[in-house]
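Asks: Just passing along the structure, written as structure tokens.
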Amino acid sequence: MAEFTTAKKGNRLTLYIIIGLIAGIALGFWLNSSYVNKENERIAIAETRIKGIDHRLSVITDTTTALYQSLAGELQTVSKEKSAAIAERDDKIDGFALLADIFLRLIKMIVAPLVFTTLVVGVAKLGDIKTVGRIGGRTLLWFFAASFTSLLLGMMLVNFFKPGLNMHLALPDATVDTGIKKTALTLKDFLYHVFPASIFESMAKNEILQIVVFSLFFGVATASIGEKGEVVIKAMDAIAHVILKVTGYVMNFAPVAVFGAMTAIIAKQGIGILKTYSIFISEFYTGLLLLWIILLLAGSLFIKKRIFTLVKRIKEPILLAFSTSSSEAAFPKTMLELERFGCKDKIVSFVLPLGYSFNLDGSMMYMTFASLFIAQSYGIHLDFGTQMSMLLVLMLTSKGVAGVPRASLVVIAGTLATFNIPEAGLALLLGIDPLLDMGRSATNVVGNSVATAVVSKWENALETT
């Protein structure tokens with residue numbers, strides 16, 4: 001009876017989220033065409049003037065002439081006018097974005113303590129370092145295989161579709177500052193990002209990978225001290241259940257957050273940008289659909305027909321991640337649904353947090369797709385060997401930026417610089433990135449859910465429900 005009531009509540013929440021999604025899209029279009037229409041027109045006019053000035057500047061070879069200096073000054077003025085219009089538009093719809101921001105802050109409030117408590121309990125239940133190592137090895141094997149597949153699929157599709165050549169976009173000047181700082185590629189920075197100097201600092205910043213590392217040490221140590229450790233395990237288990245209860249309370253705000261997020265995104269982007277970038281958006285989402293099929297087929301090799309039950313279970317986290325553009329927002333709910341699916345809590349609490357650092361499949365595919373799209377747009381030909389080198393660079397550098405704001409763009413910026421592709425090309429994608437991030441986030445949830453189910457099957461820890 002309790003299970004039926006829980007399922008009923010879950011179905012009701014999913015329905016409310018869908019209603020919030022549709023209502024947000026409708027209101028967003030209305031706001032775009034009326035409430036912030038003047039600001040959008042000013043932005044569009046400024047963008048047209050900026051393109052014209054950029055073109056005129058590009059044909060002037062002598063930068064010391066009065067004409068060049070005059071055009072440069074005019075460009076700076078128009079850019080300021082555009083920024084002012086964007087700021088005014090954002091001020092008008094900040095109230096809707098605030099609804100989503102508050103929800104995401106509440107989710108972030110939960111994630112760090114949830115990862116810590118559940119992972120400590122999970123590792124302690126596993127018993128010894130040998131078991132942890134075996135499960136960790138299997139988990140990372142799946143993660144790297146899935147990441148490589150995602151990156152390779154992105155590379156193959158962008159070479160097949162060639163959106164950079166077919167869209168004929170006006171290119172931003174190579175000196176344009178996109179505001180995205182490229183990530184360092186050094187081993188030192190990667191290791192600093194993995195190993196915490198302070199667990200409290202890691203929790204404050206929601207550095208999931210650092211929390212995982214500390215939790216592994218803490219969990220193994222707790223298991224090794226025998227009866228004394230059982231007190232800690234019981235306490236952590238109780239805290240985890242309390243946090244999951246808090247998660248239930250927070251999730252009640254999800255439909256409102258979805259409504260606010262969609263209203264803000266559509267009000268800003270409107271239908272104009274969808275027309276301009278329809279080729280890129282449709283081809284990228286086609287790629288995500290293919291990636292879903294590949295991941296689900298790979299999962300079905302191990303859990304057979306139960307893959308359909310898994311998809312049914314995680315539909316709500318997928319929808320939540322899509323509508324808020326945040327896979328982190330779906331983390332607590334994904335954990336809960338995987339346990340209901342039959343994955344043992346000790347596996348879920350071990351695999352899922354690792355997945356948020358090492359297995360962001362949607363983001364992986366986007367990285368090669370976007371990087372090569374920018375190269376195509378600038379007419380830069382990269383041979384197969386260079387593209388594979390780029391894939392391997394992305395494979396490594398992407399593992400060190402979990403939790404970094406706009407992580408995909410940060411990694412892409414660093415990769416473009418490495419292969420002498422103008423970083424300013426990122427400006428081509430900044431306008432549609434929120435729309436693309438929705439699909440990436442939903443795909444990340446699918447990839448991590450499949451991975452958790454498969455590892456559970458490997459460990460004979462998948463119950464029939």
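Asks: Cα-Cα over 18 Å: which of Lys245/Lys315; Lys228/Lys346; Lys234/Lys457; Lys51/Lys162; Lys38/Lys92; Lys38/Lys82?
Replies: Lys245/Lys315; Lys228/Lys346; Lys234/Lys457; Lys51/Lys162
Asks: Using θ = phi - 60° and the Karplus form 6.51 cos²θ - 1.76 cosθ + 1.60, what ³J(HN,Hα) does each residue of the range 93-105 get, whole Hz, x for Gly and Pro?
Replies: Using θ = phi - 60°, the values come out as 10, 4, x, 6, 4, 4, 4, 6, 4, 5, 4, 5, 5 Hz.
Asks: Between the range 103-175 and the range 331-391, what's the alpha-carbon centroid distance in Å?
Replies: Between the Cα centre of the range 103-175 and that of the range 331-391, the gap is 4 Å.
Asks: Taking a 25 Å limit on the Cα-Cα distance, which of the listed pairs Lys80/Lys268; Lys188/Lys344; Lys205/Lys268 fall beyond it?
Replies: Violating the 25 Å Cα-Cα cut-off are Lys188/Lys344; Lys205/Lys268.
Asks: A further question follows. To make sure I understand, if each residue's beta carbon is the centre and we count other beta carbons within 10 Å, what order do Tyr277, Tyr366 fall in, fewest to most?
Replies: Tyr277, Tyr366
Asks: Sticking with this one: On a 0 to 90 degree scale, rounded to 10, what angle separates helix 361-377 from the longest Cα axis of the chain?
Replies: That works out to roughly 20 degrees.
Asks: Then there's this: What order do you get for Ser327, Ser58, Ser150 when you list them from fewest to most C-beta neighbours inside 10 Å?
Replies: In increasing order of surrounding Cβ atoms, one gets Ser58, Ser327, Ser150.
Asks: If you take Cα Rg over 2.2 N^0.38 Å from the coordinates, which of [x] 0.94; [y] 1.04; [z] 1.30 do you get?
Replies: [y]
Asks: Give me a comma-separated list of calculated 3J(HN,Hα) values for the range 239-253, in order, Karplus coefficients 6.51, -1.76, 1.60 applied at θ = phi - 60°, integers in Hz, x for any Gly or Pro.
Replies: Ordered by residue, 3J(HN,Hα) equals 4, 4, 5, 5, 5, 5, 5, 4, 4, x, 5, 5, 4, 4, 8 Hz.
Asks: If you put +1 on each Lys and Arg Cβ and -1 on each Asp and Glu Cβ, how big is the dipole of the chain around its Cα centre, in Debye rounded to 20?
Replies: Dipole size: approximately 1260 debye.
Asks: Quick one: Karplus J couplings for the range 343-354, per residue in order, coefficients 6.51, -1.76, 1.60, θ = phi - 60°, nearest Hz, x for Gly and Pro?
Replies: Values, residue by residue: 6, 5, 4, 5, 7, 4, 5, 8, 7, 4, x, 4 Hz.
Asks: Given H placed 1.01 Å from N in the peptide plane, which residues other than close sequence neighbours of Cys343 have an amide H under 5 Å from its amide H?
Replies: Sorted by chain and number, the residues that satisfy this are Glu463.
Asks: Based only on other Cβ atoms within 10 Å, what is the fewest-to-most ordering of Met251, Met365, Met167, Met388?
Replies: Met388, Met167, Met251, Met365
Asks: Excluding residues on the same chain fewer than 8 positions from Lys130, give the aspartates and glutamates whose Cα lies under 18 Å from its Cα.
Replies: Glu459
Asks: Decide, for the range 102-154, between rounded, prolate and oblate: order the square roots of the alpha carbon gyration tensor eigenvalues as a ≥ b ≥ c, take rounded if a/c falls under 1.5, and otherwise choose prolate if a/b is larger than b/c, else oblate.
Replies: oblate
Every number in this text was worked out from the coordinates using simple rules, so none of it is lab data. As the structure is a prediction and not an experimental result, all values here were calculated from the model. Please note: Cβ atoms are built from the backbone with ideal geometry, for glycine as well, and neighbour counts cover all protein chains shown.
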